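Here is the structure we will look at.
The values are calculated or read from the model by the stated rules, or taken from the named source; none is laboratory data. Computed from a predicted structure; not experimentally measured. Every residue, glycine as well, gets a Cβ built from its backbone with ideal geometry; the counts of neighbours run over all protein chains shown. We work out accessible area using only protein heavy atoms, side chains counted, and drop any ligands, DNA or RNA first. Shrake-Rupley method; radii C 1.70, N 1.55, O 1.52, S 1.80 Å.
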Amino acid sequence: MEAGWMPAAAYAATRTLWAPIGLHFGWNFAAAGGFGTEVSGNGSTHGLLDAPTSGPALLSGGEFGPEASLYSVLFCVLAAVAFLLPARRRGRLTPGRRRAERVLARLLTAAFSSS
């Protein structure tokens, strides 16, 4: 869930695929190459540090790895919000379909009522 929101928000903010690709690469490199933890449930890896995960599955991610932990979900949601704020400020977010239809109806009503 959060693994889709954060890259999508990064793309919306930057309008380049390099931002979500870089985020994905950086996440996997830090998790597997740096900390030696599982990445997307692919099994254990050996990184610069061997950081065993322990504790409740909600906090450690269980067998899937740290990507399934509550901490990762919270971090990715916060990062997505951090990307969506500038995207909204820059006008790069499109309104929902119903809102767009209401705006279009108002514009058409205004255009035809003034003529």
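Quick check: net charge around T53, other residues with Cβ under 14 Å of its Cβ, Lys/Arg +1 and Asp/Glu -1?
Net local charge, T53 excluded: -4.
Leaving ligands and nucleic acids out of the surface, order V39, V77 by accessible area at 1.4 Å, largest first.
Of V39, V77, the descending order of accessible area is V77, V39.
Grab the other residues whose beta carbon is less than 10 angstrom from that of T14, score K and R as +1, D and E as -1, and report the net. Kindly include the intermediate steps, with their values, before the conclusion.
Details: positive: R15, R90, R92; negative: none.
The answer is +3.
If you roll a 1.4 Å probe over the heavy atoms of the protein chains, what accessible area per residue do you get for the chain, in Å²?
Per-residue accessible area for the chain comes out at 73 Å².
If I histogram all Cα-Cα distances within the chain using bins 10 Å wide from 0, what percent of pairs lands in each bin?
The distribution over the chain is 13, 31, 24, 15, 8, 5, 3, 0, given as percents.
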